[in-house]
1. Determine, for each peptide in 328-335, 393-400, 83-90, the mean count of other beta carbons within 10 angstrom over its residues, then list the peptides with the highest first.
2. Ignoring everything but the protein chains, give the 1.4 Å probe accessible area of ARG489 in square angstrom, nearest 10.
3. At q = 0.20 Å⁻¹, work out log10 I(q)/I(0) for the range 285-421 with the Debye formula, treating every Cα as an identical point scatterer and leaving solvent out; two decimals please.
4. What is the sum of charges, Lys and Arg at +1 and Asp and Glu at -1, for the other residues whose Cβ falls under 9 Å from the Cβ of ALA370?
5. Let me cross-check VAL516: its accessible surface, 1.4 Å probe, with only protein heavy atoms counted, in Å² to the nearest 10?
6. Might you work out the accessible area of TYR672 for me, using a 1.4 Å probe with all protein chains in place, and round it to the nearest 10 Å²?
7. Stokes-Einstein at 10 °C, 1.306 mPa s, Kirkwood radius from Cα pairs: D for the range 310-387 in µm² s⁻¹?
Amino acid sequence: MESTALRNEPPLRHKRVFVGYLAVVIAAGAAVVALGLPGLVRAIPDLPVDAWLLILLAAVVDAGPFSGPRQRSSSVGVFPSVCFGFTVLLLWGLGPAVLLAVVAIIGSTWRLHAKLWRAAFNLAQYLLAYGAAALVLHTVRDDVFRATGWHAVAVVGAAAAWFVVSELIVDTAVRLRFGGNWWSTVWGGLSFELQTTGALLLLAPVLAGAISTSPWLIALILVPLFAVYRSARVAAERDRESRHDPLTGLANRKALQERIEDDIARRDGDARPGPLLLVLDLDRFKEVNDALGHGVGDRLLVEAGRRLRARLPEDVLVARLGGDEFAVVRTTVGDLDTAHAFAERVAAVLAGPVHLDGMPLEVASSIGVAVYPRHGTDFDELLQHADVAMYEAKQRNDSVSVYAPEADHNSAARLGLLGDLRRALERPDRPELGELGVFYQPQVAIDSGEVVGVEALLRWRHPEHGMVGPEEVIRAAEHTAVMRLLTYRVLDEVVARVAQWQRDGLRLRAAVNVSVRDLHTADLVDHLAALLDKHDVAPSQIELEITEGALMADPRRVLATLRRLDRLGIALSLDDFGTGYSSMLHLRRLPLSEVKIDRSFVLGMGSDPDDAAIVRSIIELAGALGMRVVAEGVEDERTWRRLSSLGCQVAQGWFYARPMPAAELTSWLARYRPPRVRQPADAADPAHT
C-alpha cells in the first residue's frame, strides 16, 4: 500500500503541519534504517540467491503499480513488493527487508516520475511498517517456520502490525493534507486495502514456506500474485464504470455526491463558502432530438461534455446527471458574486455553434447556482436548490440564476402537503385525511340573466391547516403524478353532479380546469368518454378550461389531445386570456369555443382605460372568430353594465354569487332573480374617452 492519494488533489490546507508530519515520518524511517543497517551489513555476504531474486522481482513488479478504486478520502495502490518484502522479513530479518524496500521504491519512483519528497515519505512508510512487524516477530525464535502453535499467531500478528502502521501513516497524511473527518478517512478505503494489501501480506508465509522447500517454487507464487493484481484491476474498472457516465465519460451522480461530501468533510468547520455546485441544462436540446434524431443528440451531449472538461480548471469536477443535465463542482468559491461570475464563465464555455455533419447547432444553457453552506448543508439539499435555481433561470430566460428561497416552490411544507393530498385522493373513505370537494360558481348570460353554466372549483379542508386554497393545491400537485389523480377525482364528481342535475330538470354546462400534465396523454380523453357514457351525459355539457402556459409547454402533444376532445364534442375554453404571449396564434389554430378574460383586466376596467381597452379588444376579436366570451371577476353592477355595453356574453363573479357546494347551488338557483339590464346615458365606454 502506498499514498497515491497524495497525487492530483486540491492545494494544502495546513501546509506547516503537513510538512512537519512528513519530516517526522521520514526521520522515523531513517531510524529504522539505522537499526537494520548492522544486520544488513552482516547478512549481505550470506544472502542466498533466492533472497536476491525476491529483491529483483520487487523492483520489477513495483515499476508499474496499479491504483485501485478511488475511495471516499484516499486512494491506495496495489504494490506486489509487499508480499516479497514481508517474505524476506520472515526468512532473513529486518536488514534485507529494508534493502528490498529501498530497491522497490527506487523502481516505482523512476517509472512513475514521482517527486523526491513523496518517494522519501513512501520509503519511510514501508520501513516503519517493516519495523513494527519485526518487533512482533522478535518475540519468537528466528526460525519461525519450523515451530508450531504460537509462532503462526506471531506471523499473523506481524502482518497485522505492518498493515495497521502503514494504514495509519497514510491516513494521517491524507487527513492533515486535505482535512475532513479522520474516521471517514480511515474507513473510506479500508475494504479495498484489506482485500489487496492484506492478501499480499498473508501470501508471504506461503511463499516463505515454498522457498524453504525449494527456491524454484518462487515461480509458482507469481500465479496467485497475478490473481490479486488482476482482481484489483477488475474491481477498479467496475468502480470507475460505477462513477462515470458511459456516453460522455464524465463523472456521474455517484461521483458527484462523493466529491461534494468529501469537500464538505474536509472543511472541518471552516465558515468560508464552498463547495460551489452548478446544475445546467442545454436549451432547446429536445428540438435537436426531435428534428435530427437521438444519435445527433448524443453527439451534441458528448461535445458539450468535452467543452466543459477541456476549458475548465483541473480542480473542477464535471458530471452528467442524465438527459441534457450536467453538473459542475468547484471547491473554492469566494463569495456569491464570484460564484455567479464562475457560472457565467461556464455558460460562455458552452456557448457557440457545434458542427455536426456539416450543420452548425447553437449551444446555450441555463445554469442554477448553489453554494455550501448558504444554500444547503449536504449533497441532496445543494443539488435540489441548484436544480430549482436552474429552472428559475430557464423561466426567466437568463443564463444564470443563484438559488433564492422565494423562488423555491418545493418547500418541505409543500412536499408534506402533497403527501397529504395523495393520501386523501387514494382514501376518500378516510375523513381524517381531509375533505376534498368541488364548489360551483354560476356563469350568467349578461343579456338575459339566465344561469347557463357553472365553473367547478376545487376545495380542500385539510385536517390541520384548515381550508387550503386551490392555487396552493395546484402549485403542489401540477408537476407530479398526483395532478392526474386530482383531475380525475374532480371530473368524476362533476360529471356525476351534472347527471344528477339533469335528472332534477336542470341543464347546466360545467367547466373544469385541466393542467398541462393532463393534456400530455390520451388517457384524459378516454377517461372522460367513459364517464360521459356511464352517466349518460352529453359531451356539450362539459367544458374544459386550459391556459396558454399549458399550450406552450408542448404544443404538438397538447394540440393532438385537444383535437380528440373536440371530436368527442367537449367544449374548450382558453382561460386567463390576455396574460399569455401567443394568444392570436392560439385563437387561429386551436378548436376553441370560448375565451375567458382574465379577472385582472375585468377588475381594473372601471378605473383603468388600458384595462378597458384590452377587454373591449378581446371581446371584438373573439366575436369576429365566432367564440363566446366569459368575463371573470365581475364584482359590482358598474362592471356588469360596462361588459353588457361592450357585447360580452357571459360573466361570473361575486356580483352574482360566490363559489358554493352543490347543495347550496340548488337552493341558490331556486331563489335567484336575474338582474335587469338597463343602459344609463352616462355608461360610455371608457376606452373611447
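The values are calculated or read from the model by the stated rules, or taken from the named source; none is laboratory data. Predicted model, so just to flag it, every value in this text is computed and none were measured. Backbone-built Cβ (ideal geometry, glycine too); neighbour counts: all protein chains shown. We work out accessible area using only protein heavy atoms, side chains counted, and drop any ligands, DNA or RNA first. Shrake-Rupley method; radii C 1.70, N 1.55, O 1.52, S 1.80 Å.
1. Highest mean packing first, the order is 83-90, 328-335, 393-400.
2. Using a 1.4 Å probe on the heavy atoms, I get roughly 70 Å².
3. Debye curve over Cα of the range 285-421, log10 I(q)/I(0) at q = 0.20 Å⁻¹: -1.24.
4. Here the charged neighbours net out to -1.
5. Solvent-accessible area, nearest 10 Å²: 40 Å².
6. 40
7. On the way: Rh = 13.9 Å.
Reported coefficient: 114 µm²/s.
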